[in-house]
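Undergrad: Structure provided below as structure tokens; questions to follow.
The values are calculated or read from the model by the stated rules, or taken from the named source; none is laboratory data. What you are looking at is a predicted structure, and each value in this text was computed from that prediction instead of being measured. Ideal geometry is used to build each Cβ from the backbone, glycine not excepted, and the neighbour counts take in all protein chains shown.
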């Protein structure tokens with residue numbers, strides 16, 4: 001008895017001319033790991049939920065490392081006072097508004113990605 005034929009997985013470098021949207025990303029993942037596009041889309045959504053859980057205020061550690069790709073960290077930016085400055089476009093003096101303290105997410109590319117960009 002013959003086993004059912006399996007879908008051929010695409011291996012090797014992916015050729016990209018324009019940035020992918022979510023549908024194209026899930027299609028590429030589906031082709032590479034031999035799963036349906038629906039399953040690949042679920043993987044992307046699940047990865048997003050894992051990142052959110054790590055960065056969520058009060059409940060998460062405030063840091064997430066996507067192995068080999070990037071590190072996400074929640075940083076507390078302190079409040080700034082209103083200050084006098086110069087408008088870079090017109091050169092005239094103006095007042096910059098005060099900003100409250102806030103939490104922001106910083107993303108830092110890891111070594112593999114930095115090496116690719118060189």
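Undergrad: Among 42, 9, which is surrounded by 13 or more Cβ atoms within 10 Å (Cβ to Cβ) and free of Cβ contacts under 8 Å to residues at least 40 places away in the same chain?
TA: 42
Undergrad: For residues that are surrounded by 12 or more Cβ atoms within 10 Å (Cβ to Cβ) and part of a loop (DSSP other than H, G, I, E, B), tally how many sit in segment 46-66.
TA: The number of residues fulfilling the criteria is 3.
Undergrad: Among the residues that make up segment 74-87, is at least one of them on the phi > 0 side of the Ramachandran plot and either at pLDDT below 95 or exposed (fewer than 10 other Cβ atoms within 10 Å of the Cβ) (or both)?
TA: No: segment 74-87 contains no residue that is on the phi > 0 side of the Ramachandran plot and either at pLDDT below 95 or exposed (fewer than 10 other Cβ atoms within 10 Å of the Cβ) (or both).
Undergrad: Hey, does segment 30-39 have a residue that's part of a loop (DSSP other than H, G, I, E, B) and on the phi > 0 side of the Ramachandran plot?
TA: Yes, the conditions are met somewhere in segment 30-39.
Undergrad: Another question, then. Filter segment 95-116 down to the residues that are more than 29 Å from the chain's Cα centre (by Cα) and surrounded by fewer than 10 Cβ atoms within 10 Å (Cβ to Cβ) and list them by number.
TA: Of everything in segment 95-116, those that are more than 29 Å from the chain's Cα centre (by Cα) and surrounded by fewer than 10 Cβ atoms within 10 Å (Cβ to Cβ) turn out to be 95, 97.
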